[in-house]
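Worksheet: one structure, shown below.
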There are 2 protein chains.
Amino acid sequence: MMHVYADRVNHMENSAIREILKVTEQPNVISFAGGLPAPELFPLTDIRESYDRVLGAGDPSVLQYGTTEGYLPLREEIAAQMRAKGIKAEADNIFLTNGSQQGLDLIAKLFLNPGDVVLLQNPSYLGAIQTFRSYQANFKSFLTNEGGINLPDLESSIKQHGPKLIYLAPTYQNPTGTTFTLEERQAVARLASQYGIPLIEDDPYGELRYEGPILPSIKSLAAEDEVIYLGTFSKTLAPGLRLGWIVADQKIIAKLTVAKQGTDLHTSTLLQRATHYYLTHFSAAEHVEKIRQTYKLRRDLMLQELKFAFPTQARWTEPTGGMFIWLTLPEGYDTDQLLPRAAAAKVAYVPGIHFFANGESNSSMRLNFSNPTPEQIKQGINRLAAIMKVN
Amino acid sequence: MMHVYADRVNHMENSAIREILKVTEQPNVISFAGGLPAPELFPLTDIRESYDRVLGAGDPSVLQYGTTEGYLPLREEIAAQMRAKGIKAEADNIFLTNGSQQGLDLIAKLFLNPGDVVLLQNPSYLGAIQTFRSYQANFKSFLTNEGGINLPDLESSIKQHGPKLIYLAPTYQNPTGTTFTLEERQAVARLASQYGIPLIEDDPYGELRYEGPILPSIKSLAAEDEVIYLGTFSKTLAPGLRLGWIVADQKIIAKLTVAKQGTDLHTSTLLQRATHYYLTHFSAAEHVEKIRQTYKLRRDLMLQELKFAFPTQARWTEPTGGMFIWLTLPEGYDTDQLLPRAAAAKVAYVPGIHFFANGESNSSMRLNFSNPTPEQIKQGINRLAAIMKVN
């Protein structure tokens, strides 16, 4: 039987990352392609105890249907964490999701008609582009100078394209690792407010800071309710749990509630109860510090190895946090075409082209340093340099 | 700031059940309104051990990102269970979801353009109506005779309306508790194939059989790939886990994979690993038998109490499985308008009107018998009869 799908299906693509990860499943491939945390750092013992305690307390409601917004004590705990970061939030402003990917999907569901414009950084997070595309969005980007914002260009893009949403990852962005300055954050908050455009601030990596100042979130700088903030436990706890949250105005939370009811009723009660137990009984802050120390060493090592391996031609970002370095080869190189050669040499990356909403060809690549071991980072960067024939 | 939402938001409604459940949260209200399993039957100890074992095995991959289709050994286990029910399925035909509500959402996402027609039973599952509505579907129904199908009417509905999807819950349906006969199942499978229309067979209650024959699923009777089957662990294990599955042709699974990537990446790895452990180490069949025995007693009691309380005027279905009885008052009664009086008398139900996609006014109500205790069933039915003033 031939199936006739909805029009939006033509706008969905099989994720490039997915196909690339197939390459990395071959034996002995060193992968800088994924966006995976280091599994050896997952707090298995503490999470095990958290599940054991909530399942062992004799309260069957941990396995019953729950409210769509989420488990109230967890919403209260997250609101307190948000307030500690300068974001005005009560439990009523917090909405639990199955990872922040679901946050993106629900916000797109609320705001995007087919043909609506989403204004975003170029390059941007692949998963966000994919989600917005499934709602048949059009994309406009504004100029960035190695991650920084060209503010006049941003404002003229807003005026010219009338975007329905602005999507930004201002802190240790995926894929570039770059971060907006305080002035840029203030300017973006002001523009969103001035033009009345909802701004999604995606912040999966904010806690993974290796040096430099702690910068306030755009949400905390915005006077009004235009900023919708997305948080996640995927990078600080574990991604296989699938738990994230949205911070937004109560009116938006009410709409999200209706949207999520039709989507999957609610996020797992047991998962929320166990995560609440973990947050209130173990030192999440100490655990994040351990992650920071480990990833900082890996970032330092990768930067050092890049310096040795690509002495002149290539350039790259030097992120002060997060999980990624963005490497750019001289013009004329096409990292998408080079990927099969990299795979043959048992090393993988994500070609830069996949992070551009409108698919601009590109000589860049995203390199992940959180998942590979130090030994793999050394070997992998050398394999990469060899196939690029630039040293 | 005034937000301008997408057009689809006008088609989303706050779930009536949600508002009704607020009534039931008041103290001492006996609720027949929810669709909740009996929490005292949740296998807390076995689920606790399952989580403990998978988290205690020293394998951090239980907390890592996973594949979108789902954990392969769990897909294999579910495929085997499906084959035992006569459905041709391999692991490649199984797709894991966050409960079958997400299955409905993803299928709607794949197939429905705004204005497309969904053909469904009247009444139908409220959550399905809500999901299809969020994709701006139109609804057409076919005549049912207390749950049975009027086949000539179904075929003429297909011809007249050209539906994009057919949605059916043929076994112990929510809200009526009624079940299609073997002949009806065969006829529906034939019609879907003949007209080439994807048919969603929603089967959350199939395992909850109290008497009567085990009937084959429509999926098992269909020669081709037009039937998309939805299963869930919500009724046989626990709904707070949020785990369900889709059985479909591989071409549809491939499209579902792309759709779910943009929606929430994948279903919790830990949840899938723990559920796989449970299914392969504990006797799920024995547990379901315990649920059956308990719910059968509650159904019997509710039917008996209805007989005493409503000796003449009202009529009701006598379901051979599932969790619901559908009660119809004499014409002229409006169960929606009567609900505040019921709430004042500390008893709750869901007015029938909410199960009709096009909102036909109705003198019916849905009564749940799985969640209330026997004592609550007795008291609640008597409270109901008193406020209906029909005895």
In whole Hz, what ³J(HN,Hα) sequence does region B:323-331 give by Karplus (6.51, -1.76, 1.60; θ = phi - 60°), x for Gly and Pro? 9, 9, 10, 10, 10, 10, 8, x, 4
Enumerate the calculated ³J(HN,Hα) couplings along region A:173-188 in order (Karplus 6.51 cos²θ - 1.76 cosθ + 1.60, θ = phi - 60°), each rounded to whole Hz, writing x wherever the residue is Gly or Pro. 4, 8, x, 8, x, 7, 9, 6, 6, 4, 5, 5, 4, 4, 5, 5
Go through region B:106-193 and name the GluC sites (Glu not before Pro) that are in a DSSP coil and have 15 or fewer other Cβ atoms within 10 Å of their Cβ. B:E146
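Tell me the mean residue ellipticity at 222 nm calculated for chain B from its helices only (DSSP H runs of n ≥ 4, each -39500 (n - 2.57), averaged over every residue, nearest 500). Don't skip to the end; give the middle numbers.
Values: 13 runs with 165 residues, N = 391.
Roughly -13500 deg cm²/dmol at 222 nm, from the helical runs in chain B.
So which trypsin sites (Lys or Arg not before Pro) in region B:355-391 are both in a DSSP loop and have at most 10 other Cβ atoms within 10 Å of their Cβ? Before the final figure, lay out each step's value.
Working: sites: B:R366, B:K378, B:R383, B:K389; in loops: B:K389.
Answer by residue number: B:K389.
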Taking placed amide H atoms and a strict 5 Å upper bound, the residues 5 or more places from A:V350 or on another chain that come that close are A:R366
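Using a Förster radius of 60 Å, what is the FRET efficiency between A:K307 and B:N113 based on their Cβ-Cβ separation? Nearest 0.05, please. Intermediate values should be presented prior to the final figure.
Working: r = 53 Å, r/R0 = 0.89.
With R0 = 60 Å, the Cβ-Cβ based efficiency is 0.65.
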Vicinal HN-Hα couplings computed from phi for region B:341-356 (Karplus, 6.51 cos²θ - 1.76 cosθ + 1.60; Hz; Gly/Pro x): 5, 4, 4, 4, 8, 6, 9, 9, 8, 9, x, x, 3, 6, 9, 9
A:T181-B:H11 pseudo-label distance in nm [points 7 Å out on the Cα-to-Cβ vector]: 4.7 nm
Say a label goes 7 Å from Cα toward Cβ at A:G115 in every copy; what distances in nm does this one have to the rest, shortest first? 1.3
For A:D334 and A:Q250 in the same chain, what is the full-extension length gain: residue separation times 0.36 nm, less their Cα-Cα distance, in nm? 25.6 nm
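When B:K109, A:K22 are ordered from fewest to most other Cβ atoms inside 10 Å of their Cβ, what list results?
Values: B:K109 27, A:K22 10.
Going from least to most buried by this count: A:K22, B:K109.
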Name the residue from B:P60, B:L126, B:P351 whose Cα lies farthest towards the positive end of the charge dipole of chain B, charges +1 on Cβ of Lys and Arg and -1 on Cβ of Asp and Glu. B:P351
Report, by chain and number, residues whose modeled amide H sits under 5 Å from the one on B:I200, excluding near sequence neighbours (fewer than 5 apart, same chain). B:I166, B:Y167, B:L168, B:I228
DSSP bridge orientation in region A:167-272 - percent antiparallel, rounded to nearest 5: 40 percent
List the residues, sorted by chain then number, that are 5 or more residues from B:S141 or on another chain and whose placed amide H is less than 5 Å from its amide H. B:L120
Select the chain A residue whose beta carbon lies nearest to the rotation axis carrying chain A onto chain B, and write the distance in whole Å. A:Y51, 2
Measure out, as a whole number of angstrom, how far apart the alpha-carbon centroids of region B:110-126 and region B:175-222 sit. 17 Å
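Have a look at the DSSP beta bridges in chain B and tell me what percent are antiparallel, nearest 5.
On the way: 20 of 37 bridges.
Close to 55 percent.
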Are there GluC sites (Glu not before Pro) in region B:20-51 that DSSP puts in a loop and that have at most 16 other Cβ atoms within 10 Å, and which ones? B:E25
Step through the table entries A:K255/B:K235; A:K109/A:K251; A:K346/B:K251; B:K235/B:K307; B:K235/B:K378; A:K88/A:K235, compare each Cα-Cα distance with 25 Å, and write down the pairs that go over it. A:K255/B:K235; A:K346/B:K251; B:K235/B:K307
Under a crude label model (7 Å from the Cα following the beta-carbon direction), how far is B:L72 from B:S283 in nanometres? 3.2 nm
Run the simple label-point estimate for B:D59 and A:E375 please: 7 Å along Cα→C-beta, distance reported in nm. 2.3 nm
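Every number in this text was worked out from the coordinates using simple rules, so none of it is lab data. Keep in mind that this is a model prediction, so the values were computed, not measured. Every residue, glycine among them, receives a Cβ derived from its backbone with ideal geometry; neighbour counts consider all protein chains shown.
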